[in-house]
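Just below is one structure, and these are the notes that go with it.
Just so you know, all these numbers are worked out from the coordinates, no wet-lab data involved. Model, not experiment: these values are computed from the prediction. Cβ: placed from backbone, ideal geometry, glycine included. Neighbour counts: every protein chain shown.
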Amino acid sequence: MNIEKRVIPYRIKQARVSRGLSMVELSELVSVSKQAISQYEMGKNEPGKAILNSIALVLKYPVSFFYKPVSVNENASSAVFFRSKKTVRVKALNAAREKIEIFREIHDYLEEYVDFPKLNLPKIAYEDDGIDPIDNDQIEQYAQTLRFYWELGNKPIDNLINIVQKNGIMVSKMQLRMSKLDAFSVWFDNKPFIFLSSDKDTNARIRFDLAHELGHLLMHADYYSEEDMKDSAICDKLENEADRFAGAFLLPKDSFSKDVFSTSIDHFVQLKAKWKASIGSMIYRCDTLGLLSSNQIKYLKDQMTTRVYWRREPLDKEMPVEKPFAHKQAIMLLLNNNIVTPGQLVEETGCSAEELEQYCFLDKGTLAIKNDSKIIALKGKVL
C-alpha cells in the first residue's frame, strides 16, 4: 500500500524565510492569498501540487525539500552570534538563521556516510563582567590557550580555515548578498558551525571574521542565550570581546610586538604579507597593546584614509583566498565511489544543485545532472 507523502508545513516557512520574503511577498509571487500561505505554514491546509511546484520554483528549492522530515534536534543549542552592523534588517538575520540550519542538515546527511574530524576545542573559564567587556589580559589568555591547544606556537597562521576544519569546526561560505552581515556562528548539539560571507573577497578580512567567530564559540556560547542577544548592550560587549580575541589570536602579543618597529605604512604592508592580517586590524592591535603612542596611531589612521586603504588595502588582490574543503571532500568521496549520484544528493538533501555547490564550496557544475544517453547532436547552428 502506497502511503501518500505529506508536505511539511515548517519547510514552507523555512524556505520563505531563508529567501528573505514575507508571507505577503510570497503570496504575490505565487498568486495566492496571504491567508493561504499562513495556512500552509501552520499546517491548517496543504498546497496542491501546482501551487507547491510554484512555491518551489519561486523559492528555488527542489519539491523534495518540502516533504523532508524535520530532524528532532532542529533547534540550536546556543545563541546564533552574528558579526553584523546594527542596521542589518531582522529579515536578513532570520534568513541567515535558516541558512545555517539547512547547512547543518547537509552536514548531518554527509555524516551518515563519512567521518568528519572530531571536535578539538578547549574549555575555558569565561569570566563575565556583566555589561562591561572583560579585560585585555583575559582575552590574551584565551587566545593563547587556543593556540597552545592547537599547537600553533606564536608564529603566523598559514591557512586558518584548514586548521579550524581539521579541529572539527564546520565552516561554510555562502553568498549572503547582505553587505552588513559578515559572518555568524552557532553550536548545534556539541557541533560548532561557522558561516562566512563569500561576498567578501579579501583573505585578511575573511581570516579576521573567522577568528572573530572562533572567539564567540569559545568564550560566549555556554553563557549567553538567544534572549540575551536581544539586548544591544550585551551584543556590543560580545562583539568587542570577539574582535579583541581575533586580534590576539591572529597577532600574538610577544611575537607580533617584536615585528613592529616603524610607523611607516609600507612597513605595515610588509607585516601584512607575513601575518596575513589587514593593515587596519594591525593598527588596532598596536593600539590595544600600547605599542605605539596615540599620535602615532592617529598618523597611521590618517594615512589609511588619505590612501583610501580602509576600502581596499595593498596585497588584497595578491593574497589567495582560503577556502573550506571538508564538505567538498565528503561529497567528492561519495560521487567518486559511486555511493550517491548528483540527483540523489539533490533529492535527499532537499537543496538545489547550485545551492549545494555554494554551501559545500564545490566547483560550479559539479552536481549538474548529465544525460549520458544523449548521443545524437544537431548539425550546424540552431536558429
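Could you state the per residue volume, in Å³, of the convex hull enclosing the Cα atoms of segment 276-347? It would help to have the intermediate numbers written out before the result.
Numbers: hull volume 10.7 nm³, N = 72.
Value for segment 276-347: 148 Å³ per residue.
I need the helices of the chain that pass two filters: whole DSSP H segments spanning 30 Å or more by Cα along the axis, and mean Kyte-Doolittle score no lower than -0.5.
Helices passing the filter in the chain: 90-111.
In Å and from the alpha-carbon atoms only, list the Rg and Dmax of the chain.
23.5, 80
Determine the percent antiparallel among the DSSP beta bridges restricted to the chain, to the nearest 5.
On the way: 10 of 15 bridges.
About 65 percent, rounded to the nearest 5.
Tell me the label-point distance for the pair N190, Y113, using the 7 Å Cα-to-Cβ offset, in nm and rounded to one decimal.
Roughly 2.6 nm, to one decimal.
So, how do all the Cα-to-Cα distances of segment 81-250 break down into 10 Å bins, in percent, from 0 on up?
Here the calculated profile for segment 81-250 is 9, 40, 38, 12, 0.
Does segment 9-67 classify as rounded, prolate or oblate by the C-alpha gyration tensor (a ≥ b ≥ c root eigenvalues; a/c under 1.5 gives rounded; else a/b over b/c gives prolate, otherwise oblate)?
Since a/c stays below 1.5, the shape of segment 9-67 is classed as rounded.
Rounded to the nearest 500, what is the chain's calculated 222 nm mean residue ellipticity when only DSSP H runs of at least 4 contribute -39500 (n - 2.57) each, over all residues?
-14500 deg cm²/dmol
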